1. Set the Förster distance to 60 Å, then compute FRET efficiency between Glu290 and Arg537 from the Cβ-Cβ distance, nearest 0.05.
2. Give me the extension gain from Thr372 to Leu348: residue separation times 0.36 nm, minus the current Cα-Cα distance, reported in nm with one decimal.
3. What's the ranking of 430-442, 237-249 by average number of surrounding C-beta atoms within 10 Å, highest first?
4. Looking at the chain, what % of its DSSP beta bridges pair antiparallel, to the nearest 5?
5. Where the eigenvalues come from the Cα gyration tensor of region 509-641, what are the semi-axes √(5λ) of the equivalent ellipsoid, largest first, in whole Å?
6. Between Thr952 and Ala435, 0.36 nm times their residue separation minus their Cα-Cα distance comes to what?
7. Return the distance in nm (one decimal) between the two label points of a simple spin-label model at Thr698 and Ser824, each offset 7 Å from Cα along Cα→Cβ.
8. Quickly work out the Thr271-to-Ile493 label distance, labels modelled 7 Å from Cα along the C-beta direction, and quote it in nm with one decimal.
Amino acid sequence: MRLSSEGKLRLAARTAFLVGGVSLAATTAYAQEAAPAAGEAAAEGSVNLDKLVVTGTRIKSQTFTASSPVAEIKGEEFRYAGATIAEDLVNQYPQLSPEFDNVNNNPSLGYATVDLRGLGPERTLALLNGRRIPKGAGELPDISIIPATLIKRVDVLTGGASAVYGSDAVAGVVNFILDDEFEGVRINGGWNGYQHKNDNGYIQGLLDQRGFDYEKGDSGVDGISRNLDIVIGGNFGEKGHATAWGTWRKNAPLFQAQRDYSSCALNAAATRCGGSATADPANFYVVAPESGIYSYVSRAGAGAWSLEDGPTNLYNFAPINYYQRPDERYTAGTNIKYEINEYAKPYLEAMFVNRRSSTQLAPSGAFFTDVTVNCDTPQIGTLCNDTGITDDEFTVYVAKRNVEGGPRFNAAESNNFSVTSGVGGSIWGSWSYDASFTYNRASNTTVGTNDFLTSRIRDALLGCPDGSFDGCVPYEVFTDSVTPAQAQALQGISQQQVVTDMRVVNGYVTGDLGVGLPTAGGEAVSVVLGYENRTERYAYSADSNLADGNFAGSGSESPPIKAAIGVEELFMEGAIPLLTNAGILSRLDADVGYRFSQYELSGDASTYKIGFGANFFDDRYKLRGGFNRAIRAPNINELFLPQQIGLWGGTDPCAGATPEYTAEQCALTGVTPAQYGSIAANPAAQYNQIAGGNPNLTPEKANTWTLGVAAEPVKNLIVSVDYYQIKIEDAIGGVGARNLLDICALTGQSSACSLITRNPTTGDLFRGTSGFVTNFQQNLGSVEVKGIDLSASYTMRLGPGRLSTSIAGTYLLDKTFSPLQSDSSVAYDCTGNVSPQCSQAPEWRHLATARYSIDRYTAGVRWRYFGALDYKDPRNFRKGRPLTTDTGLVKNGGVDAYNWFDINGSVSFGPALLTAGINNVFDKEPPLVGSQLTNNGNALGGYDQLGRYLFTSLTLEF
């Protein structure tokens with residue numbers, strides 16, 4: 001895309017204004033050579049900068065560091081944590097939401113992401129060597145392309161960084177830095193797996209009540225993963241260097257049946273094993289208005305029909321689901337750079353990942369498929385006589401699980417690659433340039449088997465009348481005599497593909513202006529001026545049955561999508577030395593930044609930053625702070641994903657014999673007086689919603705503040721404390737189906753009530769597709785999060801060896817959501833809480849390590865901690881209301897604090913390094929909760945799910 005003439009004028013004016021401001025500060029001084037920088041300490045601790053580019057700025061300097069706090073994860077930590085893929089370690093750090101893709105099955109994005117502050121991965125910009133990485137099928141960066149074995153460090157930048165990197169950096173940046181100077185050959189092989197003792201008396205009692213099978217005693221080692229990594233690097237010629245790598249990793253599946261605590265799906269209150277009314281034998285629900293019958297009915301074989309208060313049996317869908325999905329991935333890549341001369345240093349970065357993964361769900365079936373019948377329909381036999389139905393026609397909803405056909409299985413294969421070609425070098429004096437072109441592409445193909453075709457079910461249920469589909473076989477659910485052949489006739493194969501790509505042209509020049517303030521000893525002002533053009537494309541296609549919504553277990557229509565987003569941007573940064581050598585104040589710096597963006601679909605946007613850094617006492621103390629104005633433009637899915645029916649997990653507060661809300665409150669949600677008290681609750685706690693994109697979305701905006709101090713009070717002790725505040729306005733997202741029901745019932749908000757559509761006959765929100773909550777993407781109210789980050793490290797000689805310790809912790813002060821722009825009374829605070837509205841948000845999380853090294857040996861311990869959580873409704877109009885009673889799983893209205901301890905060690909001999917360890921040494925189970933709070937395994941996400949983790953690896957380096 002190109003800037004319009006009007007856009008160019010605005011851009012020129014704004015850029016000139018900002019550059020002029022920087023220049024004005026400089027021209028009040030006099031030109032002189034900057035003081036020698038050699039030997040000066042960096043702003044934090046004792047780290048020396050040597051013309052480094054620090055994450056969060058493109059300023060190259062020996063004295064200047066970014067004012068935003070940056071937490072660093074060293075590459076060696078991956079080895080000691082037994083992490084063979086990037087997300088296994090990074091998402092354990094307290095700044096990030098603890099989400100781990102391999103234990104997500106339904107739903108599953110299919111790849112790993114990073115999510116700073118729990119604000120959503122779409123608000124965290126993931127970079128590799130400072131550049132954007134490919135987005136996967138969910139239009140979120142797919143970090144599986146990153147080779148864990150070559151990670152030099154990971155920089156976690158708190159606070160918005162849109163002025164530096166553009167859209168998506170609302171919460172901050174996670175920048176993976178690879179070792180592009182590696183020399184030699186490294187070969188690494190690893191093995192890991194899980195072990196657990198199945199002895200949870202509480203849930204075993206619930207399983208026994210239902211007669212469900214489950215595992216007992218020691219699981220042995222399961223969920224095993226193996227990996228092999230090869231890295232080769234070295235110089236060529238006199239001025240070239242190349243690094244190449246290849247990795248392989250494969251992990252075995254682990255089923256929910258392999259853990260006692262996940263062998264049944266708990267109900268919403270976590271007081272009993274739940275299940276699905278789509279079962280085997282089938283459940284039937286009859287709607288005969290003229291006869292006044294709205295009831296479940298059951299039939300024993302060919303016997304008589306009887307009216308029932310509820311479904312006569314529930315299907316335990318948990319055991320057959322994956323707890324850990326199988327995954328196999330290959331990565332490969334290279335980094336080549338060559339110095340032709342000081343003015344031209346071309347480079348090439350290329351990387352690729354092939355990933356094969358799958359999900360397995362409970363069998364498909366007739367999910368309350370409605371058939372219109374009369375008393376003469378042969379399939380229903382004596383139903384009318386047995387129950388007193390006299391209607392000329394009436395409806396029977398059939399809920400039959402396809403146990404004869406087996407589980408639904410989706411096999412996905414992704415091929416992602418990224419290529420960057422660029423050149424950098426000196427221009428003159430201190431000025432240098434960098435220009436690059438990046439092309440990313442990700443392709444994901446998914447093939448599904450064993451799902452029913454909706455268009456065939458009704459024909460088969462009615463005995464294949466004239467006009468039925470070719471090959472129709474009567475589906476004998478009414479007599480409970482279904483055969484595999486009958487099921488096979490109803491099944492189909494689905495296929496869908498998502499392709500995303502990104503083109504980025506980026507160029508900038510950086511250098512100093514040659515002038516500086518006299519108060520800073522004339523140290524020159526440094527600037528960056530740059531341009532970026534980025535185009536992102538998204539294409540989705542599916543087979544005709546999937547596109548038409550003809551699969552019973554796959555939601556509604558999935559029409560093709562093909563769209564693109566383009567943006568053209570100009571950006572600048574300035575680093576201004578303000579004061580040097582003023583007594584205890586070693587130096588005071590300011591940094592500013594500005595970016596003007598012109599989006600094809602969202603229009604113009606400006607982002608900017610201003611920050612400061614003050615060094616005291618010979619640079620052993622630093623005070624830093626800053627303000628960032630960030631934006632995030634809606635992505636293609638948020639704009640154009642078709643609005644279609646899917647499922648949300650939770651409860652309908654107007655369902656059941658004794659509804660949670662009064663008749664008057666439920667009437668606001670569409671319940672008639674005749675329906676009140678007789679609306680069925682879904683025993684699987686799944687209800688319909690219409691979700692999808694909204695082409696009228698506008699960019700969300702965020703103000704982010706940081707203020708902190710970093711210090712080295714004594715030698716080898718480095719401490720930093722940073723406050724952060726992020727407030728997002730016009731946040732893009734869905735209000736939430738249960739939120740809409742509650743807001744409507746308790747406040748009468750017409751904007752919420754108008755989005756609720758109940759089944760006109762039964763009043764429910766789950767049978768068929770006539771009852772649902774509309775919950776598509778909107779520009780909502782606001783999201784605000786505040787907290788304090790603490791990090792510290794200390795090393796010392798201890799006996800014949802060396803002890804290294806560190807801690808990274810986060811204290812959450814506030815996490816508030818305001819879902820409606822028009823009514824702040826419905827805002828809610830998730831701090832220290834877990835609920836259907838709040839993912840877990842403990843007030844305090846930390847990761848602490850201690851490692852002792854002597855000669856060839858190293859031994860270490862890690863302590864991971866999650867603070868306690870309240871389990872209550874956080875919303876203002878229901879403030880403090882408990883969500884459940886003490887069940888033995890959620891005690892005293894909350895989840896206890898959790899501690900995990902890990903041990904590791906290594907020994908080197910010759911060119912070999914052997915590492916081994918155990919994470920979750922004491923085999924601590926995750927907190928088990930009801931169906932409202934989890935989609936997999938009855939456990940809160942982010943907690944160790946599968947038990948004790950054993951790992952070992954052998955590395956050879958030449």
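1. Numbers: r = 55 Å, r/R0 = 0.92.
The computed FRET efficiency comes out at 0.60.
2. Using 0.36 nm per residue and subtracting the Cα-Cα distance, I get 2.1 nm.
3. Details: 430-442: 18.4, 237-249: 16.4.
The packing order, highest mean first, is 430-442, 237-249.
4. Working: 347 of 356 bridges.
The answer is about 95 percent antiparallel.
5. Working: eigenvalues 502, 60, 19 Å².
Working from the Cα gyration tensor, I get semi-axes of 50, 17, 10 Å.
6. Details: separation 517, 0.36 × 517 = 186.12 nm, distance 4.22 nm.
Working it through step by step, the gained length comes to 181.9 nm.
7. So the two model labels end up 1.9 nm from each other.
8. With each label point 7 Å from Cα toward Cβ, the separation is 4.8 nm.
Here, each number is a calculation from the coordinates, and none is a lab measurement. None of the values given here were measured: they were computed from a predicted structure. When we count neighbours, we look across all protein chains shown, and the Cβ atoms used for this are built from the backbone with ideal geometry, even at glycine.
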